[in-house]
Amino acid sequence: MELTSQKLRRLAPELDPLRIGTGWKPEDLGKVQIIIESTAGDSHPGSGHLFSLVEAVRKGVSEAGGYGARYFCTDICDGESQGHDGINFSLASREMIANMIEIHANATPFDGGVFISSCDKGMPGNLIGMARVNIPSIMVTGGTMSAGPELLTLEQLGMYSAKFERGEISEEKLTWAKYNACPSCGACSFIGTASTMQIMAEALGLSLPGSALLPATSPDLVDYAYNAGKRIVELAREGTKPRDIVTLKSFENAIMVHAAISGSTNCLLHLPAIAHEYGITITGDTFDRLHRGAHYLLDLRPAGKWPAEFFYYAGGVPAIMEEIKSVLHLDAMTVTGKTLGENLDELKAGGFYERCQKWLDEANRKYGISITKEDIIRPYDKAIGTEGSIAVLKGNLAPEGAVIKHTACPPEMYKAVLNARPFDSEEECLDAVLHHKVSKGDAVFIRYEGPKGSGMPEMFYTSEAISSDAELGRAIALITDGRFSGASTGPVIGHCSPEAAAGGPIALVEEGDMIELDVFARKLNIVGVKGERKSPEEIDAILSERRKNWKPRAKKYQRGVLRLFSELAASPMKGAYLEYE
């Protein structure tokens, strides 16, 4: 089989001299040519260390007889974008990263690619781009940061900030938390979106087995990057592409792992968008179906006890998969050229879990604790929960669906009838929550924050203000067409679809409407007006009248990337990818 790069060298006589001018040697030109695409950059801790992994991959490529070319499209940090309009650019950046990968990999010939990222939009952006260019590919994930003193992790900053605003802690204590929450490089050390998507890459079969969410400072991570470099040269020679590997079975495996880890609700945006590139339809209903009856096993923050650093020490993705083996498609193919089941058997026979145990022993000594693997990843028959971790709610308020992570929600809020308090921006709502202008029994709405409204930012500060409030955290719900951080906890419901900017029912909610929430019946409905219950037919008629008076808002952004995103973004429950039809 002739390599793509060599075919195109004949068509483009300028290619060889330009590469020589870049630093290639003449003898490199005939080698297997690999694009090493990463989000390395000084943008945040999750990307600040990736250049070392780029070099490890490049070394592996070289030693396997290939040549690695380094390309970069760094990502932004949701944490650094919080509290201002910067967060509105976050979801759109996923699409732009995928677009740049498509441009990089198609404008110049390559025989394969290694894609390196760690965080919230870099991970799905690279996975979308990888599927779109469809050359032999491997994903290398950048791992997780260490925990700070007292096992402090970044998702606790929202709680500290809200407590300071309420006068419950001193400024000195808040400053201490700020200065100690990110002690190393890597993705934030909890099962937020970054960690979830690293795990999803391995669960899809696109990363080397056992490589997802290692501590970013671990020498094992560099070894995995080096081995990915060697393996990609083999994959390129074999001609095996992502679309030869990834099937519906792969996505179902990933969703079952998502249920077992209580993964971020943002995964309901990202997996459908990735699947779309493979011509596979994944919806909120797919997640809901597979989460029903699924065993939730991972006792890591934000829903659990321990930092994400401990995930690898307990055996990582392979350990999760061993526990849920009975519900996985073990015949799904992976980038190793072997099936998922074969990979798991090889890891077990090769001493993988014994190596992880050594790291756990060292962590116990470092932090002065004494925990076992089973404290981190529960056995299947001793699950933390047996109804998955998310539910997709539907009703006249969310005909296409809305998502709640019920494992992070107080049980008191699983079933309630609440009083609607709508706000048309997060800023208004956050002020009301912090200054106790909302009451127990309220359903607080933040709308016009979906992808067409403002780019679909996270409602992180508002959700943290609610969940950290001893009274409100168990007595009100937050409902939005925006989304939440993977760190969010509490009675929060996002992705409400259709969104307000598209004329969804959430735009028609008025003060005093009665809102029915029933997590396990999967219901989210308007059931009354001004404290008076109405029949479904009466509610339909009321909403129809309100719609006559509703007018679309002028687009928040009149130019640039967010104007493009607002015009083309699909519904939140479809994945908010750019939809051209």
Expressed as a whole number of Å, what is the distance separating the alpha-carbon centroids of region 24-65 and region 303-332? 29 Å
Label assignment, percent of Cα pairs over 43 Å apart derived from the structure, set [x] 18; [y] 33; [z] 45: [x]
Say each of residue 415 and residue 80 gets a label point 7 Å from the Cα, pointing the same way as Cα to Cβ; how far apart are those two points in nm? 4.7 nm
Nearest 500 deg cm²/dmol is fine: what mean residue ellipticity at 222 nm does the chain get from its DSSP H runs of n ≥ 4 alone, each adding -39,500 (n - 2.57), divided by its residue count? -12000 deg cm²/dmol
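Once R0 is set to 41 Å, what does the formula 1/(1 + (r/R0)^6) return for the Cβ-Cβ distance between residue 345 and residue 521, expressed as a FRET efficiency to the nearest 0.05? Please list the in-between numbers first.
On the way: r = 41 Å, r/R0 = 1.00.
Rounded to the nearest 0.05, the efficiency is 0.50.
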Taking Cα centroids, how far is region 369-401 from region 463-483 in Å? 19 Å
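To the nearest 0.05, what FRET efficiency results for residue 549 and residue 326 with a Förster distance of 60 Å applied to their C-beta separation?
Values: r = 54 Å, r/R0 = 0.90.
It comes to 0.65.
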Centre separation in Å (Cα based) which lies between region 97-127 and region 223-267: 14 Å
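What pairs in 325/373; 405/534; 31/230 have C-alpha atoms more than 22 Å from each other?
On the way: 325/373 18 Å; 405/534 29 Å; 31/230 13 Å.
The pairs that break the limit, which is 22 Å between Cα atoms, are 405/534.
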Taking the 0 to 90 degree range and rounding to the nearest ten, how far is the long axis of helix 267-277 tilted relative to the main principal axis of the chain, both from C-alpha atoms? 50 degrees
Average accessible area per residue (Å²) across the chain - probe 1.4 Å, nucleic acids and ligands excluded: 37 Å²
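Roughly speaking, what is the stretch gain from residue 511 to residue 564, that is 0.36 nm per residue apart minus the C-alpha to C-alpha distance, in nm to one decimal? Don't skip to the end; give the middle numbers.
On the way: separation 53, 0.36 × 53 = 19.08 nm, distance 3.26 nm.
Taking residue 511 through residue 564 to full extension adds about 15.8 nm, to one decimal.
Would you mind checking the pairs 305/440; 249/452; 7/241 and listing those with alpha carbons more than 25 angstrom apart? Provide the component values of the computation, followed by the final result.
On the way: 305/440 27 Å; 249/452 32 Å; 7/241 18 Å.
The pairs that break the limit, which is 25 Å between Cα atoms, are 305/440; 249/452.
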Residues other than residue 171 with Cβ under 15 Å of its Cβ, Lys/Arg counted +1 and Asp/Glu -1, net out at +1
Taking 0.36 nm per residue of separation between residue 425 and residue 102 and subtracting their Cα-Cα distance, the length gained on full extension comes to 112.8 nm
Quick one: with all protein chains in place, what share of the accessible area of the chain is carbon or sulfur, to the nearest percent (1.4 Å probe)? 51 percent
Residue 538 to residue 372: FRET efficiency via 1/(1 + (r/R0)^6), r the Cβ-Cβ distance, R0 51 Å, to the nearest 0.05? 0.35
Could you tell me what percent of the DSSP beta bridges with both partners in the chain are antiparallel, to the nearest 5? 40 percent
DSSP loop GluC sites (Glu not before Pro) in region 508-564 with at most 15 other Cβ atoms within 10 Å of their Cβ, which ones? 510, 511
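Size of the dipole of the chain about the Cα centre, Lys and Arg at +1 and Asp and Glu at -1 on the beta carbon, nothing else charged, in debye to 20? The partial results should precede the final answer.
Numbers: 61 positive and 76 negative charges, 133 e Å.
That gives a dipole near 640 debye.
The values are calculated or read from the model by the stated rules, or taken from the named source; none is laboratory data. Keep in mind that what you see is a predicted model, and the values were worked out from it rather than measured. Here Cβ is always computed from backbone atoms with ideal geometry, including for glycine, and neighbour counts include all displayed protein chains. Areas reflect the complete protein model, heavy atoms only, side chains present, ligands, DNA and RNA absent. Shrake-Rupley method; radii C 1.70, N 1.55, O 1.52, S 1.80 Å.
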